[in-house]
Amino acid sequence: MEKILRKATERTPYTAFDPDAHRLVLQGESYPEDAAAFFGPLQQALRDYVAGLGDAPFVVDLELNYFNSSSAKALMNMFMLLEQAAAAGRDIRINWRYHPDDDTMEEFGQDFAEDFHHATFTLCPSLDD
Amino acid sequence: MFAQDYYDFHQGLAKQGIILSFTGYVSEGILFALGDALRQKMALDEADANVTKRVFSVFVEQVQNIIRYSAERVEGNLGKRVELSSGTITVGREGERFFVVCGNVVRQEDALAMRERLSALAAMSREELKLHYKEKLKEPPEGRSRGASLGLIEIARRASSPIQFDFIDIDDAAAFFCLKAYI
């Protein structure tokens, strides 16, 4: 499977999806002009990837400091896909990284965490940035 | 002579605590540029980082609402797809609170459903807004709406008091819609 590597722009996050290393990283801000166009290819790649995923743990690191409602919808779409894969026995670990003073990102993390029963969703407040 | 008119206009806005105000055709490029200036101004004023983030979030959702739902719009292809929607966006400060107001023309046939949706949001508690937001996040995308309701819920969630809205009739076909959120 092909990797996806996109530099951060002013409105879109750094995106690194490496199927061979079983890792996905999103970092930065997300309020693209067209969220469906930005997240669509990543969602499709993830769908294909989890369908063929074996026993290896898949680690997702999310470190977003702002995202708009269309991006939230795209994130939820990915989370539902990952939770389904975890329910089917895959080892999926999502780290929600945010600055400890960032109330909004903490609250989003808590909200998203409630929907995971099979995948591991960990809130990771961190000071390094 | 005309300097007096524009000075009065400028002072009129300043007296209302306006930080920025834009009226006319809005694009995604304008959203980005104004949003960037807004965050810089708030940072220079040493506004609380969490408040700045909430004001910015409400600003983005309101401008995207104008872009997607204003009934006064032009679109076409100028080498790339161009979408311009007319509206008004204002960010200001009233004492310790910030406010973000957007206004745009809507079709009368859409106004009733919008009123119902906004009344429901204004009456919801924080917990109800959160649950409603998550419910909408999980829904498949709505056909024509491109996620408007989600943006409105986001605005209501970031606001520190219930959102305020108003409509005035322009004619049989159109109404002017206004939404104000305090942060």
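Assorted remarks:
- Potential lengthening between A:Leu123 and A:Asp34 on full extension [0.36 nm per residue; Cα-Cα distance subtracted]: 29.2 nm
- Put a dot 7 Å past the Cα of B:Lys41, heading toward its Cβ, do the same for B:Ala123, and the two dots end up 3.6 nm apart.
- Listed residue (A:Val59, A:Ser71, A:Ala85) projecting farthest to the positive dipole end of region A:44-129, Cβ model: A:Ala85
- Computed from the Cβ-Cβ distance with R0 of 22 Å, the FRET efficiency linking A:Ala87 to A:Val59 stands at 0.75.
- For chain B, a crude dipole built from +1 on the beta carbon of Lys and Arg and -1 on the beta carbon of Asp and Glu, taken about the Cα centre, is about 640 debye to the nearest 20.
- The orientation-averaged projection of the convex hull spanning the C-alpha atoms of the protein assembly as shown amounts to 18.8 square nanometres.
- For chain A, the fraction of 1.4 Å probe accessible surface lying on carbon and sulfur atoms is 49 percent.
- Across the cross-link table entries A:Lys3/B:Lys53; B:Lys41/B:Lys134; B:Lys136/B:Lys180, which are compared at the Cα atoms, the separations over 27 Å belong to A:Lys3/B:Lys53; B:Lys41/B:Lys134.
- Here the dipole of the protein assembly as shown is about 320 debye; that uses its Cα centre as origin and unit charges on the Cβ of Lys and Arg (positive) and Asp and Glu (negative).
- Karplus 3J(HN,Hα) series, Hz, for region A:87-97 with 6.51 cos²θ - 1.76 cosθ + 1.60 (x for Gly, Pro): 5, 8, x, 7, 8, 10, 10, 10, 9, 9, 9
- Theoretical FRET efficiency, 1/(1+(r/R0)^6), r = Cβ-Cβ of A:Asp101 and A:Gln44, R0 35 Å, to 0.05: 0.50
- Selected from A:Gln44, A:Gln110, A:Gln27 as most flexible by GNM, with chain A as the system and alpha-carbon contacts under 10 Å: A:Gln44
- Selection from B:Ser85, B:Ala122, B:Gln64, by position along the positive dipole direction of region B:61-138 (Cβ): B:Gln64
- Taking amide hydrogens as placed 1.01 Å from N in the peptide plane, the amide H of B:Arg93 sits under 5 Å from those of B:Ile18, B:Ile19, B:Phe99, each at least 5 positions away in sequence or on another chain.
- The simple Förster model, with R0 at 25 Å and r as the Cβ-Cβ distance, assigns B:Ala14 and B:Ile170 a FRET efficiency of 0.30.
- Residue (of B:Ser149, B:Cys102, B:Asn50) at the positive-pole extreme of chain B, dipole from beta-carbon charges: B:Asn50
- Beta bridge orientation in region A:4-125: antiparallel %, DSSP, nearest 5: 30 percent
- Overall form of region A:4-125 per C-alpha gyration tensor (a/c, 1.5; a/b vs b/c): oblate
- The overall shape of region B:2-182, judged from the alpha-carbon gyration tensor, is rounded, with an a/c ratio under 1.5.
- Net dipole in debye of chain A [+1 Lys, Arg Cβ; -1 Asp, Glu Cβ; about Cα centre; nearest 20]: 540 debye
- Note on B:Ala49 and A:Glu10: the model spin-label points, each 7 Å out from Cα along the C-beta direction, lie 2.2 nm apart.
The values are calculated or read from the model by the stated rules, or taken from the named source; none is laboratory data. Source: prediction; values computed, not measured. Counting neighbours? That spans all protein chains shown, and the Cβs are built from the backbone with ideal geometry, glycine included. Side chains included, ligands, DNA and RNA excluded: accessible areas come from the protein's heavy atoms. Shrake-Rupley method; radii C 1.70, N 1.55, O 1.52, S 1.80 Å.
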